[in-house]
Amino acid sequence: MTREVAVLRLGHRPERDQRVTTHVGLTARALGAGQFFLASDDAGVVRSISDVVDRWGGDFRAENDVKWRRCIADWKAQGGVVVHLTMYGLNLPDVIDEIRSCDRVLAVVGAEKVPGELYGLADFNVAVTNQPHSEIAGLAVFLDRLFEGRELEAEFPRARIRVIPSARGKLAEGIPEEE
């Protein structure tokens, strides 16, 4: 099973993409990644994600203003593979077993057009579908396939809030701090 998964977000435009980029980070956290790198200077996104981690728990880390080429080079130097999620890549079902066998996976998601150089730097260019779609949806499907659904049962240590599953309505409870 994959031990370390991180997500790198490219192409973020602070004046326009704050909500979507925040949702990319929250999706990464909720579906099993341990780290989020933002290749842009937008501390507000990292603050929003960190606030969720503080309330809902987990060991997720978000980092702002990352140099994307350096991030990819460092990840590979530490034995990791880079998976670029793009509608132009190989179909996910055809490569997921090979990706799943890797110990360290960096999933790269873009906003608008990503630099063509990325296609050459990635170990895998992977298409969740060959149709236009949301990077949030693509990341969610990729992580679910990567973790084979086990991420849906994850426990988040140090959570202060927990949802109580309910057929109707919203139920949540505060979790008392351990003494």
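The values are calculated or read from the model by the stated rules, or taken from the named source; none is laboratory data. Nothing here was measured: the structure is a model prediction, and the numbers come from that model. Please note: Cβ atoms are built from the backbone with ideal geometry, for glycine as well, and neighbour counts cover all protein chains shown.
Limited to the range 132-147, what total is found for residues that are of a type in the set (Asp, Glu) and at pLDDT 95 or above?
Residues meeting the conditions: 1.
Go through the range 72-98 and give me each residue that's in contact with a helix residue (DSSP H, G or I) (Cβ under 9 Å, 6 or more places away or on another chain), in a helix (DSSP H, G or I) and under 17 Å from Gly120 (Cα atoms).
Ile72, Ala73, Lys76
With the condition kept exactly as written, say whether any residue in the range 24-35 is assigned to a loop (DSSP other than H, G, I, E, B) and in contact with a Cys (Cβ under 9 Å, 6 or more places away or on another chain).
So far as the range 24-35 goes, no, none of its residues is assigned to a loop (DSSP other than H, G, I, E, B) and in contact with a Cys (Cβ under 9 Å, 6 or more places away or on another chain).
Across the range 109-135, what is the total count of residues that are out of contact with any strand residue (DSSP E or B) (no Cβ under 8 Å at 6 or more places or on another chain) and hydrophobic (A, V, I, L, M, F, W, C)?
Looking only at the range 109-135, we keep the residues that are out of contact with any strand residue (DSSP E or B) (no Cβ under 8 Å at 6 or more places or on another chain), and these are 112-113, 115-117, 120, 134.
Then drop every residue that is not hydrophobic (A, V, I, L, M, F, W, C), which leaves none.
The number of residues fulfilling the criteria is 0.
Out of Gly11, Gly25, which single residue is of a type in the set (Gly, Ala, Ser) and either closer than 24 Å to Arg160 by Cβ or modelled with pLDDT of 95 or more (or both)?
Gly25
Among the residues that make up the range 124-131, is at least one of them at pLDDT 95 or above, within 21 Å of Leu8 (Cβ to Cβ) and over 18 Å from the mean Cα position of the chain (by Cα)?
The answer is no; no qualifying residue exists.
Looking at the range 130-171 only, could you name the residues that are over 19 Å from Ile99 (Cβ atoms) and among the aromatic types (Phe, Trp, Tyr)?
Result: Phe156, single match.
Could you tell me which residue of the range 40-63 is nearest to the chain's Cα centre (by Cα), considering only residues that are assigned to a loop (DSSP other than H, G, I, E, B) and of a type outside the set (Gly, Ala, Ser)? Break it down stepwise before answering.
As a first pass, look at the range 40-63 and keep what is assigned to a loop (DSSP other than H, G, I, E, B): 40-42, 57-60.
Pick out the ones that are also of a type outside the set (Gly, Ala, Ser) and you get 41-42, 59-60.
On the way: Asp41: 18, Asp42: 17, Asp59: 14, Phe60: 10 Å.
Step by step, filter the range 40-63, then rank; the result is Phe60.
Count, please, the residues in the range 91-106 that happen to be exposed (fewer than 14 other Cβ atoms within 10 Å of the Cβ) and out of contact with any strand residue (DSSP E or B) (no Cβ under 6 Å at 6 or more places or on another chain).
The qualifying residues number 6.
Residue-wise test of (1) over 19 Å from the mean Cα position of the chain (by Cα); (2) more than 17 Å from Ala30 (Cβ to Cβ).
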{"site": "Val108", "(1), (2)": "no, yes"}
{"site": "Glu112", "(1), (2)": "no, yes"}
{"site": "Ser134", "(1), (2)": "no, no"}
{"site": "Glu148", "(1), (2)": "no, no"}
{"site": "Glu153", "(1), (2)": "no, no"}
{"site": "Glu177", "(1), (2)": "yes, yes"}
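Return the pair list, or none, for Cβ contacts closer than 7 Å from residues in the range 79-100 that are free of Cβ contacts under 8 Å to residues at least 40 places away in the same chain to residues that are β-branched (Val, Ile, Thr) and surrounded by 14 or more Cβ atoms within 10 Å (Cβ to Cβ), at least 6 apart or on different chains.
Gly89/Val126; Leu90/Val126; Val95/Val126
Need the failing condition index for Val66 against (1) part of a helix (DSSP H, G or I); (2) aliphatic (A, V, I, L, M); (3) surrounded by fewer than 21 Cβ atoms within 10 Å (Cβ to Cβ); (4) touching a residue at least 40 places away in the same chain (Cβ under 8 Å), just the number.
(1)
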